[in-house]
Amino acid sequence: AQLRYSVPEDREPGSWVGDLAKDLGVEVQSLAARNLRLVSEGGQRHFQVDLAVGVLLLNSRLDREALCGQSPTCSLHLQLVMENPLQLHRVEVDVLDVNDNAPQFPKPEVVLEITEVANPGTRLPLEVAEDPDKGSNSISTYELSPSEHFALSINVRGDGVKMPEIVLEKALDREKVAVHHLTLTALDGGNPVKSGTAKVTIHVLDANDNPPVCDPPISKVHLEENVPVGTLVTKLNVTDLDEGPNGDVEYSFKTSNNAPGKFTKLFSLDPRTGEIRTKGPLDYEESSAYEIAVRARDKGSPAMEGHCHLRVELIDINDNSPEIVLTSLSSPVQEDATPGTVIALIGVKDSDSGDNGQVRLQIAKDLPFKLVSSFKEHFSLVTNGPLDREKASGYNITVRAVDSGSPQRATQKTFYLRIADVNDNAPNFSSPFDTAHVQENSLPGTSVFSVSASDPDEGSNAKLSYSILHNGMQDVPISTYFRIDQDNGTIYTVRALDYEQDKVFQVPVEVKDAGSPALSSTAVVHVFVLDENDNAPTIVYPSVPKGSAFHQTIPTLAEPGYLVTKIVAVDADSGHNAWLSYQLQEAAEALPFQVERRSGEIRVAQALRESEDSHRLVVEVRDNGTPSLSASVVIVISPEENSVQDFAKSLDLPKSSPKDTNLTLYLIISLVSISLVSCVMFAVVAARCL
């Protein structure tokens, strides 16, 4: 917004200027919280803000003439900056002129000369009085004390300055009055009216009766700024109808308090030719025009003079580059900032005028920002699209200012904008499914597997912690089997695992960041327990108490190959550890029997003699593990006559025997276990492929 106030220049410090809180529509109580501060564009602090009541106060007494000089208007430009949200307000304070200066002549006494042969209507120019006040408080008119021969005429110059001249109304007679004493009074338009006076002494002279005449008396010249020193501005055209010394003219500058000696530093005047040239660099931005008064005086006796007025108006050229002022910058900015969020307040200045001072601001089109014009020469840099710190953690923003002059002039300013991270990315595992293997009976605390996750955020938003979730698949919580290091994701066993009890575990792992709100992801680790040969074979048939023997009878005439009985054994382990082999332990004498290594069948190896007694066999069942485990059973075989039995009878396996039921159950359990392990393996392989 832009506010405008006005204050007279004679107000005391602490005087009220304007109600900022009311005009901005802001609660007074919020001004301090929003860090309202005042920035003066000129670097001087003429004003202050009372945050308690929200008003703009005068900080020091103002002097309009000292602040703005001869400018017709006097404005002071301020900037108000408020935060949360960031806002910039422009305040323009017009300093109103008061009639605090009286008119003043350059000299308190003016001496003029006029020949007695001067014709009525002859004009004698007077010095212009100066009044630093402007507007109605500046010089309004002049008055001349009553005179029989002279009257006052007031002309208006091209820049509006009133120029007093004494006009001869009645012919002079030096023999009657040689010197005339008059009083010239300058009056301003203030209330009350202030005035200044100068004594005018007019000497009546004889002879030289033609003054130099400037043609035209008032002229205007246009000149480009920055022309080389010594450039001819103009040559005055002055004529004097007299001859000899009375017609020989010399030129000199006529100065006053209007700009004492200023234009004499920039222009030179040839006293004989009347040529005016530059002798210093001209700058349109310092002054766009110069009023030059030239006195042309002849060498007659008495000397007569004429006056030429030249207005030099400078043509602006594009000799100033734009200036970029970074008023405020909000860095860092959150990556989730909505489009339209104000990032920076930028001002631009160009001392040139017209098209040369018209400035455009530009930034690169591939940036997610744009420039919005707040008001004249002030812009806001706002977001124009989504920001993503993970793609760009900051931006080097180059603002380029280009004017409309010919040729164009440009300048640029680069500043860095940092993007602050927000927790907008959940952690990700390197794989949603992983497979690990652990040996059964491993000691508690054995490392099983290490999961790994990453988070593209930074800081606390990327600080990860791991935990194990309860998936409800096991009867006992999974945390009783495994634990995880929350910092590095390493999974350890809590207790020794038993392959025969649990062959595979699904361990759901969650990773969570430390952002607010926290984000998380999950992965599943399939832990396969590797079998260890920790179970010895169990003989299920024949089933005899420990330390006892199994008695089996066969016919005395049994021939070689006759099936005596069959040893049936099982092993709770799996794989190689469950591969069983049968063999007879070595005896002191050779036995007429043999055991099939794989089937456990005991058969007659050679014909029996009728007189043979019972035979005692020790059958050993051994698995294929490392180290190998074994079990044994003692069988006593007794030959008998007329002992004929079928296979079932010799095995003594009743169809409804509980032992037969147990054997069938063990076989079913083994088949189901093998099938389950195969299905799990296929599922894991398929998941990893997907």
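Of note:
- Hz values of 3J(HN,Hα) by residue in the range 337-352 - Karplus curve (6.51, -1.76, 1.60), Gly and Pro given as x: 4, 6, x, x, 5, 6, 9, 8, 10, 10, x, 9, 9, 8, 6, 6
- Helix 658-689 axis, angle to the chain major axis (alpha carbon atoms, nearest 10°): 20
- Principal semi-axes in Å for the chain [√(5λ), Cα gyration tensor, largest first]: 128, 25, 14
- When the alpha carbon gyration tensor of the range 545-617 is reduced to an equivalent ellipsoid, the three semi-axes, largest first, read 26, 14, 11 Å.
- Here Lys391 is the anchor, and the lysines within straight C-alpha reach of less than 21 Å, apart from those fewer than 8 places off in the same chain, are Lys365, Lys370, Lys463.
- A Förster radius of 41 Å combined with the Cβ-Cβ distance from Ile668 to Ser454 puts the calculated FRET efficiency at roughly 0.30.
- Solvent-accessible area of Met82 with every protein chain in place, 1.4 Å probe, in Å² to the nearest 10: 0
- Taking the DSSP beta bridges with both ends in the chain, the antiparallel portion is around 80 percent.
- On the basis of the beta-carbon distance and an R0 of 35 Å, Asn237 and Ser406 show a calculated FRET efficiency of 0.50.
- Mean silhouette area of the range 428-530, derived from the convex hull of its C-alpha atoms and averaged over all directions, reads 6.2 nm².
- Sparse-neighbourhood loop sites, trypsin sites (Lys or Arg not before Pro) in the range 161-252 - DSSP loop, at most 13 other Cβ within 10 angstrom: Lys170, Lys176
- Extension gain, Ser373-Asp10: 0.36 nm per intervening residue step, less the Cα-Cα distance, totals 127.1 nm.
- Largest-first ellipsoid semi-axes for the range 323-415, taking √(5λ) over the Cα gyration tensor eigenvalues, angstrom: 27, 13, 10
- Average Cα contact separation per residue, the chain, under 8 Å, 6 or more apart, as relative contact order %: 7
- Amide H contacts of Glu390 (H built 1.01 Å from N, under 5 Å, at least 5 apart or other chain): none
- Amide H partners (placed H, <5 Å) of Asp434, local residues excluded: Val524, Val525, His526
- Computed with a 1.4 Å probe over protein heavy atoms only, the accessible area of Asp50 comes to about 60 Å².
- Qualifying trypsin sites (Lys or Arg not before Pro) in the range 563-635, where qualification requires a DSSP coil assignment and no more than 15 other C-beta atoms within 10 Å, comprise Arg597, Arg598, Arg609.
- Restricting the range 201-293 to GluC sites (Glu not before Pro) that sit in a DSSP loop and have at most 13 other Cβ atoms within 10 Å of their own Cβ leaves Glu243, Glu286.
- The shape of the range 213-341 comes out prolate: with a ≥ b ≥ c from the C-alpha gyration tensor, a/c is at least 1.5 and a/b beats b/c.
- Rounded to 5, the percent of DSSP beta bridges in the range 538-640 classed as antiparallel: 75
- Close amide-amide hydrogen proximity is noted between Phe369 and Asn384, each under 5 Å apart and 5 or more residues distant or on a separate chain (H modeled in the peptide plane; Pro and chain starts excluded).
- The calculated FRET efficiency for Lys365 paired with Phe682, based on their beta-carbon distance and R0 = 51 Å, is about 0.40.
- Average accessible area per residue (Å²) across the range 458-587 - probe 1.4 Å, nucleic acids and ligands excluded: 49
- Estimated dipole of the chain in Debye, rounded to 20 [Cβ of Lys and Arg +1, of Asp and Glu -1, Cα centre]: 320
- Among Phe415, Ile202, Ala151 - extreme Cα towards positive end, dipole of the chain, charges at beta-carbon: Phe415
- Heavy-atom accessible area ranking, 1.4 Å probe, most first, across His437, His181, His526: His181, His437, His526
- Annotation: peptides 93-99, 416-422, ranked by per-residue average of other Cβ atoms within 10 Å with the highest first, follow the order 93-99, 416-422.
- The portion of the accessible surface of the chain made up by carbon and sulfur, rounded to a whole percent, is 49 (1.4 Å probe; DNA, RNA and ligands excluded).
- Helical mean residue ellipticity (222 nm; -39500 (n - 2.57) per DSSP H run of 4+; nearest 500) of the chain: -2000 deg cm²/dmol
The values are calculated or read from the model by the stated rules, or taken from the named source; none is laboratory data. Computed from a predicted structure; not experimentally measured. Glycine also receives a Cβ, built like all others from the backbone with ideal geometry; neighbour counts cover every protein chain displayed. Heavy atoms of the whole protein, side chains included, go into the accessibility calculation; ligands, DNA and RNA do not. Shrake-Rupley method; radii C 1.70, N 1.55, O 1.52, S 1.80 Å.
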